[in-house]
Amino acid sequence: MSDYINYKYSEDSMQVETLIKFAEYFGEERYYFCNEYHRFLDSVDAGKLLRELRSEHNMTQREFAAYLEISHFRYKSYEEGRCKVSRELFDTLKSKVNLKL
C-alpha cells in the first residue's frame, strides 16, 4: 500500500484488483481509487468491444490496426484477449472512435 501512496507506481500501472481491495478495506465504493482506464479494464470485455468497433467501421483487423496506429500483431492480441488493452490504445479509442464509458 505504501508504494501506491508514495507514488512508486504510475497511476496507469496500478493493478485494478489492488485498487478495488483498497476501496473495500476502507469501506468505499468499488472504483473509489480507480481512474477511467482502470474502470474500463475491470468492466469491459475489450476483445468483444474491439471486434464490434471494427465491424462498425467495416474494416479488417489489419485495416483497423492501421487506423488505430498499432501493429496488426498487437491489435490481434488485444482482440483475442491475450493482452490487456494498453493505456495508449484506450486513449486512442476514446479520441478516434469516441469511446464512451
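The numbers here are math on the coordinates, done by the rules we state, and not lab data. Here the structure is a predicted model, which is why all the values come from computation and not from measurement. Positions of Cβ are generated from backbone atoms using ideal geometry, with glycine treated the same way; all protein chains shown enter the neighbour counts.
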Worksheet item: Taking a threshold of 24 Å on the Cα-Cα distance, which of the pairs 21/94; 76/96; 21/84; 48/84 fall above it?
Response: 21/94
Worksheet entry | Low-density loop positions, trypsin sites (Lys or Arg not before Pro), the range 54-101 - DSSP coil, at most 16 other Cβ in 10 Å | 82, 84, 100
Worksheet item: If the range 45-96 were replaced by its equivalent ellipsoid, with semi-axes equal to the square roots of 5 times the Cα gyration tensor eigenvalues, what would those be, largest first, whole Å?
Response: 14, 12, 11
Worksheet item: Distance in nm between label sites at residue 30 and residue 13, each 7 Å beyond Cα in the beta-carbon direction?
Response: 2.7
Fill in: Selection from 59, 31, 16 lying farthest towards where the dipole of the chain points positive, charges on Cβ
59
Discussion item. Could you work out how much longer the chain between residue 58 and residue 39 gets when fully extended? Use 0.36 nm per residue separation minus the Cα distance between them, nm to one decimal.
Written reply: 4.1 nm
Item to complete: Only helices at least 30 Å long along their axis, Cα-based, and averaging 1.0 or more on Kyte-Doolittle count here, so list those DSSP H runs from the chain.
Response: none
Item to complete: Compute the FRET efficiency between residue 73 and residue 2 as 1/(1 + (r/R0)^6), taking r as their Cβ-Cβ distance and R0 = 41 Å, and round to the nearest 0.05.
Response: 0.60
